[in-house]
Amino acid sequence: MTSAIAKRYARALAGVAGEQNRLEETATELESIATWLDDADVKAAFESPNLSVTARRGLVARLAESLGLSELSRNFLSLLAERSRLDQFRPIVLAYQALVDRSLGRVRASIRAATPLSDASIEQIGAVLEQMSGKKVLASVVVDPTLIAGVSVEIEGRVYDGSARTQLAHLARSMAREVAPG
């Protein structure tokens, strides 16, 4: 669940990025920042109570320069650092992505598969999801060997589970009901 704070920052950033016609470029920059901020050493440095606001600004400036960030992303990152809101960065990115996706008529789907999927399979699944949702689908694929076989798809809060593991669980429950004394 995305916090109200994250949503508020995401809406503000999306408003400015939209005015500058930089919605997608800003989303890409936010992802690269998030990857950098996920590093344990960087996270520890920013969370240190001994890090002054001046030092925090300097660290953000070096990060922005090394990533080649736009002025918008640079200023946004600096604002979060000054207000000690970098702990909210990942939720802000997720809220921002949701706003951008909604404004561009697209949706994200997470496909879990027991084995790696071919490009053709991903395209087929994407086409079915686009037909179901009526939106452009941005799919990410994760290999999960615990599924045994098949796929499980999460899109817009719904899960479509066609994995062998789930099918076997349904079969076991069905058989247990038939065998149970009644």
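The values are calculated or read from the model by the stated rules, or taken from the named source; none is laboratory data. Quantities reported herein were computed from a predicted structural model and do not represent experimental measurements. FYI the Cβ positions are ideal-geometry reconstructions off the backbone, even for glycines, and counts take in every protein chain you see. With ligands, DNA and RNA removed, areas are computed over all heavy atoms of the protein, side chains included. Shrake-Rupley method; radii C 1.70, N 1.55, O 1.52, S 1.80 Å.
Out of all the residues in the range 126-137, is one or more under 20 Å from the mean Cα position of the chain (by Cα), polar (S, T, N, Q) and modelled with pLDDT of 90 or more?
Taking every residue of the range 126-137 in turn, none turns out to be under 20 Å from the mean Cα position of the chain (by Cα), polar (S, T, N, Q) and modelled with pLDDT of 90 or more.
For (1) in a helix (DSSP H, G or I); (2) of a type in the set (F, W, Y); (3) surrounded by 14 or more Cβ atoms within 10 Å (Cβ to Cβ), each residue gets a yes or a no:
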| position | (1), (2), (3) |
| --- | --- |
| A6 | yes, no, yes |
| Y9 | yes, yes, yes |
| A12 | yes, no, yes |
| A17 | yes, no, yes |
| T35 | yes, no, no |
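Of all residues in the range 42-58, those that are open to solvent by less than 40 Å² (accessible area, probe 1.4 Å) have Cβ atoms under 6 Å from Cβ atoms of residues that are part of a helix (DSSP H, G or I), 6 or more apart or on another chain, in F46/L86; R56/A81.
Within the range 67-77, the set of residues being surrounded by fewer than 18 Cβ atoms within 10 Å (Cβ to Cβ) and at pLDDT 90 or above comprises G68, S70, E71, L72, N75. In summary, V100 fulfils each of the numbered conditions (1) part of a helix (DSSP H, G or I); (2) surrounded by 14 or more Cβ atoms within 10 Å (Cβ to Cβ); (3) out of contact with any Asp or Glu (no Cβ under 8 Å at 6 or more places or on another chain) with the single exception of condition (3).
Of all residues in the range 124-137, which are open to solvent by less than 60 Å² (accessible area, probe 1.4 Å) and within 20 Å of R102 (Cα to Cα)?
Here is the first cut: in the range 124-137, the residues open to solvent by less than 60 Å² (accessible area, probe 1.4 Å) are 125-127, 129, 133, 137.
Result: G126, A127, L129, S133, V137.
For the range 87-96, the criterion of being closer than 24 Å to S140 by Cβ, open to solvent by 70 Å² or more (accessible area, probe 1.4 Å), of a type in the set (A, V, I, L, M, F, W, C) and outside any helix (DSSP H, G or I) is satisfied by no residue at all. Please verify whether the range 109-123 includes one or more residues that are modelled with pLDDT of 90 or more, of a type in the set (S, T, N, Q) and crowded, with 17+ Cβ neighbours inside 10 Å. Scanning the range 109-123, I find no residue that is modelled with pLDDT of 90 or more, of a type in the set (S, T, N, Q) and crowded, with 17+ Cβ neighbours inside 10 Å, so the answer is no.
Applying the criterion of being outside any strand (DSSP E or B) and surrounded by fewer than 17 Cβ atoms within 10 Å (Cβ to Cβ) to the residues of the range 138-153, the residue that is nearest to the chain's Cα centre (by Cα) is D144. Looking across the range 154-176 at every residue that is among the charged types (D, E, K, R) and open to solvent by 80 Å² or more (accessible area, probe 1.4 Å), the one that is modelled with the highest pLDDT is identified as R158.
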